[in-house]
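A.B. asks: Sharing a structure, written as structure tokens. Questions coming.
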Amino acid sequence: MSVANRQRFLNVSIAGILAGVGFLIGCSKPETTLGPTLYPVTGTLLIDGEPADGATIKFVPVEPSKYSSQADQRRSARVPAATVQSDGSFQASYDAIGDGAPEGVYKLLVFQLVPPPGGGLPIDRFQGRFLDERRPIASITVKSEPNDCGVIRLSSSR
């Protein structure tokens with residue numbers, strides 16, 4: 001291999017390595033997030049005095065979030081949610097399980113999807129009784145600190 005060819009090979013190799021490193025750096029996960037700061041939200045949900053094991057709590061913001069676009073707000077804007085554990089406890093989740101919720105005022109709604117007798121698509125165990133935004137099961141204000149909703153007690157005959 002001549003000196004000119006070796007130099008050309010070396011230049012092409014270095015350019016390829018630099019391009020690969022640039023690609024990897026560009027695809028890496030940023031260390032900072034652009035989303036909202038999240039704060040822990042915990043509580044307990046009981047229905048007829050029993051833990052609402054497996055129910056889902058949806059945190060519906062009273063005011064639109066500055067982190068979602070107007071188009072998102074008209075469609076299915078991202079909201080915190082929680083799954084109730086076997087002891088009735090729950091933790092709000094936004095990006096990851098139990099990471100919390102952004103500051104703000106929320107209406108809490110509840111549903112629990114269960115298979116209907118005989119099979120088919122899951123249905124809400126509570127038949128939508130706790131999904132009316134005009135009559136939320138509770139309202140909470142998430143502050144920039146750990147937040148405890150306490151015990152929320154519901155009656156299935158609501």
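Yes or no, residue by residue, for (1) at pLDDT 95 or above; (2) open to solvent by less than 60 Å² (accessible area, probe 1.4 Å); (3) of a type in the set (Gly, Ala, Ser); (4) over 15 Å from the mean Cα position of the chain (by Cα):
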residue: LYS58; (1), (2), (3), (4): yes, no, no, no
residue: LYS66; (1), (2), (3), (4): no, no, no, yes
residue: SER76; (1), (2), (3), (4): no, no, yes, no
residue: ALA81; (1), (2), (3), (4): yes, yes, yes, no
residue: ASP87; (1), (2), (3), (4): yes, no, no, yes
residue: SER93; (1), (2), (3), (4): yes, yes, yes, no
residue: ALA96; (1), (2), (3), (4): no, yes, yes, no
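A.B. asks: Are any residues in segment 44-56 more than 15 Å from GLN112 (Cα to Cα) and either open to solvent by less than 20 Å² (accessible area, probe 1.4 Å) or outside any loop (DSSP other than H, G, I, E, B) (or both), and if so, which ones?
C.D. replies: Across segment 44-56, the qualifying residue is only THR44.
A.B. asks: Quickly run through segment 99-138 and pick out the residues that are within 22 Å of ASP87 (Cα to Cα), outside any loop (DSSP other than H, G, I, E, B) and not acidic (Asp, Glu).
C.D. replies: Passing the criteria: ALA101, LEU108, LEU109, VAL110, PHE111, LEU113, VAL114, ALA138.
A.B. asks: Here are GLY54, GLY26: which of them is modelled with pLDDT under 95 and small (Gly, Ala, Ser)?
C.D. replies: Within the list GLY54, GLY26, the selection yields GLY26.
A.B. asks: Next up: Restricting to segment 105-158, name every residue that is farther than 19 Å from ASP48 by Cβ, crowded, with 16+ Cβ neighbours inside 10 Å and either at pLDDT below 95 or basic (Lys, Arg) (or both).
C.D. replies: LYS107
A.B. asks: What are the pairs, 6+ residues apart or on separate chains, where a residue within segment 129-152 that is of a type in the set (Phe, Trp, Tyr) has its Cβ under 9 Å from a residue that is surrounded by fewer than 17 Cβ atoms within 10 Å (Cβ to Cβ) and not in a loop (DSSP other than H, G, I, E, B)?
C.D. replies: Final answer for the pair search is PHE130/ASP124.
The values are calculated or read from the model by the stated rules, or taken from the named source; none is laboratory data. Source: prediction; values computed, not measured. No Cβ is skipped: glycine too gets one built from the backbone with ideal geometry, and neighbour counts run over all protein chains shown. Quick note on the areas: whole protein, heavy atoms, side chains included, nothing else; ligands and nucleic acids left out. Shrake-Rupley method; radii C 1.70, N 1.55, O 1.52, S 1.80 Å.
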